[in-house]
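Notes to accompany the following structure.
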Amino acid sequence: MKEWVSVLRAADAAARWHAHQRRKGIAQEPYINHLLEVASLVTEATGGSDPDLVIAALLHDADEDQEVPIQLIIREFGKRVADIVVEVTDDKALPKDERKRKQIETAPKKSREAKLIKLADKTSNLRTIAFSPAADWSVKRRLEYVAWATEVVAGLRGTSPWLEGQFEEAADRAIKSLEPPMASV
Ligand code: ZN
């Protein structure tokens with residue numbers, strides 16, 4: 001099958017699987033916006049050279065958020081895609097703090113494909129903090145999220161200078177969105 005046909009099948013599957021899920025921010029964007037943003041970032045970072053990576057990016061939250069069985073992903077999109085998805089899926093049996101600590105610790109050991117998706121995912125999440133933060137997230141919580149994401153990304157460096165630049169820009173904007181406006185004189 002032509003590769004772009006598979007990419008569109010994955011986008012269609014992701015839209016169905018996350019149909020009733022929305023981003024936590026005040027804009028309540030449909031979740032597919034996040035998945036398309038992450039897929040688009042990894043596509044640009046790699047010049048569109050790896051369709052499996054793009055498919056895995058579209059499906060990166062399918063198991064974690066919608067409990068889509070990995071077997072189904074293997075059957076529909078192949079083992080390589082499924083392996084990447086598994087690599088970027090948190091173990092939900094662990095408490096939240098432990099999962100966050102584990103992300104920092106395991107980041108440097110991930111494959112290049114998983115690192116690219118994680119970089120794009122964190123970039124998308126920080127962009128959301130700047131333009132559509134969750135209503136119940138205090139300033140402290142937002143700052144803590146930026147600091148944690150920056151720590152995870154420290155372990156992903158050396159993967160794509162362009163994508164790392166996108167992350168830094170998003171982190172800058174997230175922090176600036178929490179600062180008082182510049183004095184006019
Ligand atoms: Zn995500």
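See the values below:
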{"quantity": "Which numbered condition residue 77 fails, given (1) aromatic (Phe, Trp, Tyr); (2) within 15 Å of residue 175 (Cβ to Cβ); (3) buried (at least 16 other Cβ atoms within 10 Å of the Cβ)", "calculated": "(2)"}
{"quantity": "Unique match (being under 18 Å from residue 38 (Cα atoms) and open to solvent by less than 60 Å² (accessible area, probe 1.4 Å)) among 86, 152, 68", "calculated": "152"}
{"quantity": "Candidate set from the stretch 16-52 (those that are away from the ligand (no atom under 15 Å from the Cβ) and among the aliphatic types (A, V, I, L, M)); member that is least open to solvent (accessible area, probe 1.4 Å)", "calculated": "45"}
{"quantity": "Of all residues in the stretch 84-104 being in a helix (DSSP H, G or I) and without any contact (Cβ under 8 Å) to a residue 24 or more places away in the chain, the one that is farthest from residue 147 (Cα to Cα)", "calculated": "86"}
{"quantity": "Answer from 15, 19, 57 - the residue that is in contact with a strand residue (DSSP E or B) (Cβ under 9 Å, 6 or more places away or on another chain) and either farther than 28 Å from residue 2 by Cα or in a helix (DSSP H, G or I) (or both)", "calculated": "15"}
{"quantity": "From 116, 156, residue being within 20 Å of residue 85 (Cβ to Cβ) and either in contact with a Ser or Thr (Cβ under 7 Å, 6 or more places away or on another chain) or at pLDDT below 95 (or both)", "calculated": "116"}
{"quantity": "Matching residues, the stretch 126-144, being surrounded by 15 or more Cβ atoms within 10 Å (Cβ to Cβ), in contact (Cβ under 8 Å) with a residue 40 or more places away in the chain and in a helix (DSSP H, G or I)", "calculated": "126, 127, 128, 129, 130"}
{"quantity": "Filtered residues of the stretch 101-125 (kept if of a type in the set (Lys, Arg) and open to solvent by 20 Å² or more (accessible area, probe 1.4 Å))", "calculated": "101, 102, 109, 110, 112, 115"}
{"quantity": "Hey, residue 130 among the aliphatic types (A, V, I, L, M) and more than 24 Å from residue 87 (Cβ to Cβ) or not", "calculated": "yes"}
{"quantity": "Residue among 98, 179 that is open to solvent by 70 Å² or more (accessible area, probe 1.4 Å) and either at pLDDT below 95 or more than 16 Å from the ligand (Cβ to nearest atom) (or both)", "calculated": "179"}
{"quantity": "Lone unmet requirement of (1) among the hydrophobic types (A, V, I, L, M, F, W, C); (2) touching a residue at least 40 places away in the same chain (Cβ under 8 Å); (3) in a helix (DSSP H, G or I); (4) within 16 Å of the ligand (Cβ to nearest atom) for residue 7", "calculated": "(4)"}
{"quantity": "Residue match in the stretch 57-77 (condition: among the small types (Gly, Ala, Ser) and away from the ligand (no atom under 11 Å from the Cβ))", "calculated": "no"}
{"quantity": "Enumeration of residues in the stretch 145-175 that are outside any helix (DSSP H, G or I) and more than 16 Å from the ligand (Cβ to nearest atom)", "calculated": "155, 157, 158, 159, 160"}
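The values are calculated or read from the model by the stated rules, or taken from the named source; none is laboratory data. Given the structure is predicted, the values throughout are model-derived calculations rather than measurements. As a convention, Cβ positions derive from the backbone with ideal geometry for all residues, glycine included, and neighbour counts pool all protein chains shown. What goes into the accessible areas is simple: the full protein's heavy atoms, side chains included, and nothing from ligands, DNA or RNA. Shrake-Rupley method; radii C 1.70, N 1.55, O 1.52, S 1.80 Å.
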